[in-house]
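Notes to accompany the following structure.
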Amino acid sequence: MMKKNTDVLIIGAGLSGLMAAAKAADSGKKVLLVAKGMGALGLSSGCIDLWGYSLDHPEEICQDPVQEIIKMVAAQKDHPYAKVWDVLEESLSFFQQICSQNGLAYEVAEKGNWLLPTALGTVRPTYLAPAGMAARELPRAKNILVMGFQGLKDFYPEVLTTNLKNNMNLPADCQLTTLMLDLGKIELSPNNLAYLLEKDEVLQRLVSQIKPHLAEEMVILMPPVLGERGHTKVLLNLVESLGVQVYEVTNIPPSLPGQRLQQALLHHLKKQSVEIILGCTVIGTTVLGEHCTEVLAEGSGKNLTIAAKSIILATGSFLGGGMEAQPGKVIETVFHLPIKVLDEKWSAKEFLSLEGHPFSKFGIEVNNHLQPVNSQGEVVIKNIRVIGANLAGANYPIEKCGNGVALATGYKAGKLVGEV
Amino acid sequence: MTQGDRVALDNCIKCSICVSHCPVARVTDKFAGPKQNGPDLERFRLEEPAAVHPSIGYCSNCKTCDVVCPSGVSISVMNCKAKGEYVSLHGAPLRDKLLCRVEMMGKMSRLAPSLVNVLGGIKPLRILGEMVMGVSSKMTLPQYAPKTFLQLYKPQSLANCKGKVLYYPGCYVNYNNPEVGLALVKVLNHHNIEVMVDQFECCGLPIIANGFLDVAKGHAERNIQKLKKYAAEGYQIITTCPSCNLTLGRDYHELFDLDTSEYSVMDAFEYLDQLLEQGELKTDFCNVSLKLGYHQPCHLKAAGSGVPSLAILQRIPGLQVQDLDAGCCGLSGSYGFKKEKYPISQEIGQNITRAVQEMAVDQVITECGMCQLQIFHLTHQEVIHPIQILARAYKL
């Protein structure tokens, strides 16, 4: 059987796993990352949400998410942020730094959260936005032109404009118009379209279709398809040709901004000589005393044993396959670590309840070093760190903190194993 | 539909991760993508085999879909079987029947390898070949070596034998690029490891990829018999070709349900990595001052071994190896030689051209012979196998 030996083994290729790998490699460790498949980061919006709404007035978008988190962790000691607030700002700057080194700039708003339009015309509070989404001029725009593409599913300009009028504080005289662009395709996938737009001649066809509709102080909103990679080149070419600001809006998966972020981080890891094996599932573990000495992984019809000094668990929650629900109990699939399950009902009666569902908070409890603990607070396995959606205590869909928690916990785990 | 089929299909949660990573669907709308051709249409095909869609012919069998699927769905198996079903229902052009027989072409070229190479370079002949047969006149043809690997290979008697391997060279190393096999033999003999070779058949991958599953199954059955015999005699089976590795090690079982449990296959560098782990890899490296770009073949990714050459090449003084990280090269064996698929294959390969330019590397290395050919075609730079670099570092 094949054997591998490494300083740090990371299980999972989502945002938390990639961040942990980046920070551990940055500390000079030999890092191996294995994952069942390509992580769900490619399905995400590509924005980094830290905290969405006010603690005191849950219906209001919070102005300063960092302050809100500091206020929140004082009260909620079991929230994942309570374990990592000390490195939150440093993790964000590390993230911005490695992204920009790999051609993907992220921007912060003038104050606190960005309010960015979604494809449905709702407003999304988010902390870090890719430069191509950071629509600074939008609240002051006199003219907003929303463009879609013939053949591209899941983006309808009229839906966006109709809802945006109600959801965003736009100037009273702001004109919203729509335009369908035609590349002569009956069906377009976002990836195929992004690939086509990397070609200058295709982009120029768009420019000639858009030009007759330009107006004074116009802002153009488009689906997130402007280029496959760091996207800056396609976007800048378009802005230069049109002479107005153009922004992408967030859309449902599969959408490019999440994929671009995933690509940039994977690219960074490869440059740092991190070895990555996808299609590889951890199916067994050897735990001696309080240490996991090696794991058994299966992939492509063969087995692999991996010995590691430190292991970082980043397998995600129910959707990622890191946790499985069975009648009456929830199990963590790799190490069978203790899961904190709330005693009352697992789900709320109302599907879209504003309080969210209790099952979102299920997960593994950890100490301040992100080591898994049991209900008595004792460390279960010392050389494991648990990060991202594996952690107990966060209500991601309601709090809008998923990527923020993933980023900060991943960073901290990578930093801690770098010191081992 | 069996319960097993149902479970396999229900594992697909329609997340579209496979579609967003499919190199073919990215550049053309002729391929409906792995999800639609795979699990979506499989529901219909299991009830009615004739429901197979012609778009399946555009699947290049790179197996990226399997690698990226977070739900463990064997998409490429569904697609390979569907292609087989399509070919058995509708037949295949003569071109596909010939192109997939790389072993037969290798044997025929033995009559006069240099003449074959010369003929392959005559433009009017190539244009005729495109018009009559549908073989792209633009794609660089692989060159045949004056002597095959099996002819050139000389068994060494080793005084202090530390291990024994059976080397499966594969058609490309045997007929086109024997230097790779010879470099491997030198490196292993340098470690006092005995190398055994034998007459094997083509692993069958090109035949599978062109949809002739029954023919390929025959190759599989006969190869398995031999592989089992060597494994029982204590030989570790190794390859230098990731596609042969994947076919012998995984496809025989997944596609044909044949028992492959009595032998295991390793990439040559996986074997060397084991020596490294055991502290038995020699480190008498000389300085190799090169900045290399490494291309990871899709089938090596799919074999789930990571980058086996990474740990060893990192130990060679002076050598810098950077991952090109440019995805599929686009050739996919016979795929890129077909007239209608050549443009798709070249479009996919543009990421490689760009990465090689941006990184300004001295040379590109990659394990797969077909990837080597495509990268040479795209960049006009010689591309070699990592084992050749290792042999150079040992001054062999």
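Quick one: would you say B:Gly211 is surrounded by fewer than 21 Cβ atoms within 10 Å (Cβ to Cβ) and assigned to a loop (DSSP other than H, G, I, E, B)?
no
Got at least one residue in segment B:98-109 being within 14 Å of chain A (Cβ to nearest Cβ) and surrounded by 15 or more Cβ atoms within 10 Å (Cβ to Cβ)?
Narrowing segment B:98-109 to residues within 14 Å of chain A (Cβ to nearest Cβ): none.
Checked against the condition, which is being within 14 Å of chain A (Cβ to nearest Cβ) and surrounded by 15 or more Cβ atoms within 10 Å (Cβ to Cβ), segment B:98-109 yields no hits at all.
Within segment B:268-280, does at least one residue satisfy the condition of being out of contact with any Gly (no Cβ under 8 Å at 6 or more places or on another chain) and more than 22 Å from A:Asp7 (Cβ to Cβ)?
Taking segment B:268-280 as the starting set, the residues that turn out to be out of contact with any Gly (no Cβ under 8 Å at 6 or more places or on another chain) are B:268-280.
Among the residues that remain, those that are also more than 22 Å from A:Asp7 (Cβ to Cβ) are: B:268, B:271.
Within segment B:268-280, one or more residues are out of contact with any Gly (no Cβ under 8 Å at 6 or more places or on another chain) and more than 22 Å from A:Asp7 (Cβ to Cβ).
Within segment B:26-38, is even one residue within 14 Å of chain A (Cβ to nearest Cβ), more than 19 Å from B:Ser345 (Cα to Cα) and free of Cβ contacts under 8 Å to residues at least 24 places away in the same chain?
Yes, that holds for at least one residue.
Among the residues of segment A:386-415, which ones are closer than 20 Å to A:Ser93 by Cα and either in contact with a Cys (Cβ under 9 Å, 6 or more places away or on another chain) or outside the structural domain of A:Ala22 (by the TED database) (or both)? First the steps, then the outcome.
Filtering segment A:386-415 for residues closer than 20 Å to A:Ser93 by Cα gives A:387-388, A:400-415.
If the condition is that a residue be closer than 20 Å to A:Ser93 by Cα and either in contact with a Cys (Cβ under 9 Å, 6 or more places away or on another chain) or outside the structural domain of A:Ala22 (by the TED database) (or both), then A:Asn403 is the only one that fits.
Which of the residues spanning segment A:88-111 are in contact (Cβ under 8 Å) with a residue 60 or more places away in the chain, part of a helix (DSSP H, G or I) and either aromatic (Phe, Trp, Tyr) or buried (at least 17 other Cβ atoms within 10 Å of the Cβ) (or both)?
As a first pass, look at segment A:88-111 and keep what is in contact (Cβ under 8 Å) with a residue 60 or more places away in the chain: A:88, A:90-92, A:94-95, A:98-99, A:101-105.
Then keep just the ones that are part of a helix (DSSP H, G or I); that gives A:88, A:90-92, A:94-95, A:98-99, A:101.
Residues satisfying the conditions are A:Leu88, A:Ser91, A:Leu92, A:Phe94, A:Phe95, A:Ile98, A:Cys99.
Considering only residues that are touching a helix residue (DSSP H, G or I) at 6+ places or on another chain (Cβ under 9 Å) and farther than 20 Å from B:Ala355 by Cβ, which ones fall in segment B:287-317?
B:Asn287, B:Val288, B:Ala302, B:Ala303, B:Gly304, B:Ser305, B:Pro308, B:Ala311, B:Ile312, B:Arg315, B:Ile316, B:Pro317
Exactly one of these conditions fails for A:Gly52: (1) away from every other protein chain (no Cβ under 14 Å); (2) touching an Asp or Glu at 6+ places or on another chain (Cβ under 7 Å); (3) farther than 29 Å from A:Arg229 by Cβ. Give me its number.
(3)
Restrict the check to segment A:240-247 and report whether at least one residue is of a type outside the set (A, V, I, L, M, F, W, C), part of a helix (DSSP H, G or I) and either touching an Asp or Glu at 6+ places or on another chain (Cβ under 8 Å) or surrounded by 18 or more Cβ atoms within 10 Å (Cβ to Cβ) (or both). Walk me through how you get there before you give the answer.
Of all residues in segment A:240-247, those of a type outside the set (A, V, I, L, M, F, W, C) come to A:240-241, A:243, A:245, A:247.
Right, trim to part of a helix (DSSP H, G or I) and you get A:240-241.
Okay, now just the ones that are also either touching an Asp or Glu at 6+ places or on another chain (Cβ under 8 Å) or surrounded by 18 or more Cβ atoms within 10 Å (Cβ to Cβ) (or both), so none.
There is no residue in segment A:240-247 that is of a type outside the set (A, V, I, L, M, F, W, C), part of a helix (DSSP H, G or I) and either touching an Asp or Glu at 6+ places or on another chain (Cβ under 8 Å) or surrounded by 18 or more Cβ atoms within 10 Å (Cβ to Cβ) (or both).
When you check A:Tyr195 against the structure, is it more than 14 Å from chain B (Cβ to nearest Cβ) and of a type in the set (Phe, Trp, Tyr), yes or no?
Numbers: more than 14 Å from chain B (Cβ to nearest Cβ): no; of a type in the set (Phe, Trp, Tyr): yes.
No, not satisfied.
Residues of segment B:41-56 being part of a loop (DSSP other than H, G, I, E, B) and surrounded by 13 or more Cβ atoms within 10 Å (Cβ to Cβ), which ones?
Step one: of segment B:41-56, the residues part of a loop (DSSP other than H, G, I, E, B) are B:48, B:52-53.
Listed by number, the residues that qualify are B:Val52, B:His53.
Do you know which residues across segment B:260-303 are within 9 Å of another protein chain (Cβ to nearest Cβ), over 19 Å from B:Ile365 (Cα atoms) and touching a residue at least 40 places away in the same chain (Cβ under 8 Å)?
B:Val265
So, in segment A:385-420, exactly how many residues are of a type in the set (Val, Ile, Thr), modelled with pLDDT under 95 and within 17 Å of the chain's Cα centre (by Cα)? Outline the logic, then answer.
Here is the first cut: in segment A:385-420, the residues of a type in the set (Val, Ile, Thr) are A:386-387, A:398, A:405, A:409, A:417, A:420.
In the following step, the residues that additionally are modelled with pLDDT under 95 were identified as A:398, A:420.
With the extra rule that they be within 17 Å of the chain's Cα centre (by Cα), the set shrinks to A:398.
So the answer is 1.
Could you grab me the full set of residues in segment B:1-22 that are outside any loop (DSSP other than H, G, I, E, B) and more than 10 Å from chain A (Cβ to nearest Cβ)? Talk me through it step by step, then tell me what you get.
Kept after step one, since they are outside any loop (DSSP other than H, G, I, E, B), are these residues of segment B:1-22: B:3-10, B:17-21.
Across segment B:1-22, the qualifying residues are B:Gln3, B:Gly4, B:Asp5, B:Arg6, B:Val7, B:Ala8, B:Leu9, B:Asp10.
Given the conditions (1) at pLDDT 95 or above; (2) within 30 Å of A:Pro358 (Cα to Cα); (3) in contact with a strand residue (DSSP E or B) (Cβ under 7 Å, 6 or more places away or on another chain), and given that A:Ile306 satisfies all but one, which numbered condition is not satisfied?
It is condition (2) that A:Ile306 fails.
If we only count strands (runs of 3 or more DSSP E) wholly inside segment A:272-364, which ones have 3 or more residues that are away from chain B (no Cβ under 14 Å) and touching a helix residue (DSSP H, G or I) at 6+ places or on another chain (Cβ under 6 Å)? Write out each step before concluding.
Numbers: elements: A:275-278, A:281-288, A:291-299, A:302-313, A:323-326, A:329-332.
Counting at least 3 such residues, we get A:302-313.
If I go through segment B:343-373 residue by residue, how many of them are surrounded by 20 or more Cβ atoms within 10 Å (Cβ to Cβ) and either in a helix (DSSP H, G or I) or in contact with a Lys or Arg (Cβ under 8 Å, 6 or more places away or on another chain) (or both)?
Residues of segment B:343-373 surrounded by 20 or more Cβ atoms within 10 Å (Cβ to Cβ): B:344-346, B:348-349, B:351-352, B:355-356, B:361, B:364-373.
Next cut, either in a helix (DSSP H, G or I) or in contact with a Lys or Arg (Cβ under 8 Å, 6 or more places away or on another chain) (or both) only: B:344-346, B:348-349, B:351-352, B:355-356, B:361, B:369-373.
Result for segment B:343-373: 15.
Look through segment B:89-132, keep the residues that are of a type in the set (A, V, I, L, M) and not in a helix (DSSP H, G or I), and return whichever of them is farthest from B:Leu213 (Cα to Cα).
Of segment B:89-132, the ones of a type in the set (A, V, I, L, M) are B:89, B:92, B:94, B:98-99, B:102, B:104-105, B:108, B:111-112, B:115-116, B:118-119, B:122, B:125, B:127-128, B:131-132.
This time we only want the ones that are not in a helix (DSSP H, G or I), so: B:92, B:111-112, B:122.
Values: B:Ala92: 12, B:Leu111: 29, B:Ala112: 31, B:Ile122: 34 Å.
Result: B:Ile122.
Being touching a Ser or Thr at 6+ places or on another chain (Cβ under 6 Å) and more than 14 Å from chain A (Cβ to nearest Cβ) is the filter here; which residues of segment B:322-336 pass it? Even if it seems obvious, please write down each step before you answer.
Going residue by residue through segment B:322-336, those that are touching a Ser or Thr at 6+ places or on another chain (Cβ under 6 Å) are B:330-332, B:335-336.
Answer for segment B:322-336, where residues must be touching a Ser or Thr at 6+ places or on another chain (Cβ under 6 Å) and more than 14 Å from chain A (Cβ to nearest Cβ): B:Leu331, B:Ser332, B:Tyr335, B:Gly336.
Can you name the condition, by its number, that B:Cys328 falls short on among (1) surrounded by fewer than 24 Cβ atoms within 10 Å (Cβ to Cβ); (2) within 17 Å of the chain's Cα centre (by Cα)?
The one condition B:Cys328 does not meet is (1).
Does A:Gly356 satisfy the condition of being touching an Asp or Glu at 6+ places or on another chain (Cβ under 9 Å) and either modelled with pLDDT under 95 or of a type in the set (Phe, Trp, Tyr) (or both)? Full working, then the answer.
Numbers: touching an Asp or Glu at 6+ places or on another chain (Cβ under 9 Å): yes; either modelled with pLDDT under 95 or of a type in the set (Phe, Trp, Tyr) (or both): yes.
So A:Gly356 fits the description; yes.
Only one of (1) surrounded by fewer than 23 Cβ atoms within 10 Å (Cβ to Cβ); (2) away from chain B (no Cβ under 11 Å); (3) not in a strand (DSSP E or B) fails for A:Val225. Which number is that?
It fails just one condition, (1).
Got at least one residue in segment A:56-72 being in contact with a helix residue (DSSP H, G or I) (Cβ under 7 Å, 6 or more places away or on another chain) and within 14 Å of another protein chain (Cβ to nearest Cβ)?
No: zero hits.
Residue-by-condition table, conditions (1) surrounded by 15 or more Cβ atoms within 10 Å (Cβ to Cβ); (2) more than 28 Å from the chain's Cα centre (by Cα); (3) part of a loop (DSSP other than H, G, I, E, B); (4) within 14 Å of chain B (Cβ to nearest Cβ):
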position: A:Ile144; (1), (2), (3), (4): yes, no, no, no
position: A:Gly148; (1), (2), (3), (4): yes, no, no, no
position: A:Asp154; (1), (2), (3), (4): no, no, yes, yes
position: A:Asn163; (1), (2), (3), (4): yes, no, no, no
position: A:Pro171; (1), (2), (3), (4): no, yes, yes, no
position: A:Thr178; (1), (2), (3), (4): yes, yes, no, no
position: A:Gly184; (1), (2), (3), (4): no, yes, yes, yes
position: A:Asn191; (1), (2), (3), (4): yes, no, no, yes
position: A:Leu203; (1), (2), (3), (4): yes, yes, no, no
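Going through segment B:58-80 one residue at a time, which ones are under 16 Å from B:Asp40 (Cα atoms) and either within 14 Å of another protein chain (Cβ to nearest Cβ) or out of contact with any helix residue (DSSP H, G or I) (no Cβ under 7 Å at 6 or more places or on another chain) (or both)?
Kept after step one, since they are under 16 Å from B:Asp40 (Cα atoms), are these residues of segment B:58-80: B:59, B:65-66, B:69, B:71-80.
Residues satisfying the conditions are B:Cys65, B:Asp66, B:Cys69, B:Ser71, B:Gly72, B:Val73, B:Ser74, B:Ile75, B:Ser76, B:Val77.
Using the structure shown, decide if A:Leu370 is in a loop (DSSP other than H, G, I, E, B), within 24 Å of the chain's Cα centre (by Cα) and either in contact (Cβ under 8 Å) with a residue 12 or more places away in the chain or closer than 24 Å to A:Phe94 by Cα (or both). Reasoning before the result, please.
Numbers: in a loop (DSSP other than H, G, I, E, B): yes; within 24 Å of the chain's Cα centre (by Cα): yes; either in contact (Cβ under 8 Å) with a residue 12 or more places away in the chain or closer than 24 Å to A:Phe94 by Cα (or both): yes.
Yes.
The values are calculated or read from the model by the stated rules, or taken from the named source; none is laboratory data. Please read these numbers as outputs of a predicted model, since none were measured by experiment. Neighbour counts run over all protein chains shown; Cβ positions are idealised from the backbone, glycine included.
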